[in-house]
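Structure record follows, encoded as structure tokens.
Just so it is clear, none of the values below were taken in a lab; they were calculated from the coordinates. No experiment lies behind these values; they were computed from the predicted model shown. Here the Cβ positions follow ideal geometry from the backbone for every residue, glycine too, while neighbour counts run over all protein chains shown.
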Amino acid sequence: MARNTDPKCRQCRREGEKLFIKGEKCYTDKCAIERRNSRPGQHGAKNQRLSDYAVHLREKQKIRRIYGVLEGQFRLTYKSASDRKGVTGENLLQILESRLDSVTYRMGFGASRTEARQVVRHNGILVNGRRVNIPSYQVKPGDVVEVAERAKAQLRIKGAVEAAQGRGFPEWVEVDTKSLKGTYKAMPARAELPPTINENLVVELYSK
């Protein structure tokens, strides 16, 4: 399976902000953005004026990196979003947030989306009582997502849930931290998602 093997902290530095793809490290002073907030490379510290196209491209790359989606997957996701009724940009983010790996991460069953994807891939997640090991599987409102019985003893999952509980869960999921089970209540509204994402730039990029 193809995947992005670039160093995760380097990806955050390239986009100039925290993408929260390194798990708990992103919440400490060891975060690369906290220690050295400059673009990687020999000329990373120099201020370069970006063209309009570059600004649109960087936003697309940022969203791809946040959700861990490759280029081909992202194009298919965008097409699905544009085919739906409603605002294309908001549809795009809702589809990305409805991926099983993203829902698993939001419920705290993985410290990062990368770890959540691994838990899903290793048959550690059930959806409505059935094992699903496809990270891109679209979770629907009302679906119950839980950690499989054999995976509940994993210390990384317990640690991730404790950390997520301390930070608080998003409004669109309801989680029982004792039974490691949660409900995907509804697709998130745009106001509930990070304001640092500008999905309209992606729509403009693909509309050209």
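The calculated pair-distance distribution of the stretch 100-184 uses every alpha carbon pair, bins of 5 angstrom beginning at 0, and gives 3, 18, 32, 30, 15, 2 percent.
Footprinting exposure proxy ranking of T104, T88, T196, fewest other C-beta atoms within 10 angstrom first, gives T196, T88, T104.
Within a 10 angstrom radius of the beta carbon, how do M187, M107 rank from fewest other beta carbons to most?
Working: M187 17, M107 28.
Lowest to highest Cβ neighbour count: M187, M107.
Mind scanning K152/K178; K79/K185; K140/K178; K62/K208 and naming the pairs with a C-alpha gap bigger than 21 Å? Kindly include the intermediate steps, with their values, before the conclusion.
On the way: K152/K178 10 Å; K79/K185 25 Å; K140/K178 23 Å; K62/K208 19 Å.
Pairs exceeding 21 Å: K79/K185; K140/K178.
Taking every Cα-Cα distance in the stretch 78-145 and sorting them into 5 Å bins starting at zero, the pair-distance distribution P(r) comes out as 4, 19, 26, 22, 14, 11, 4, 0 percent. Full extension of the chain segment joining N123 with A189 gains 20.8 nm, where the gain is 0.36 nm per residue of separation less the Cα-Cα distance.
Sort F169, F74, F109 so the one with the fewest other Cβ atoms within 10 Å of its own Cβ comes first. Sorted ascending by nearby Cβ count, the order is F169, F74, F109.
Shape annotation for the stretch 60-208: C-alpha extents along the principal axes are 50, 26, 25 Å, from largest to smallest. One chain, two ends: V87 and Q154. Fully extended at 0.36 nm per residue, the span grows by 20.1 nm beyond their Cα-Cα distance.
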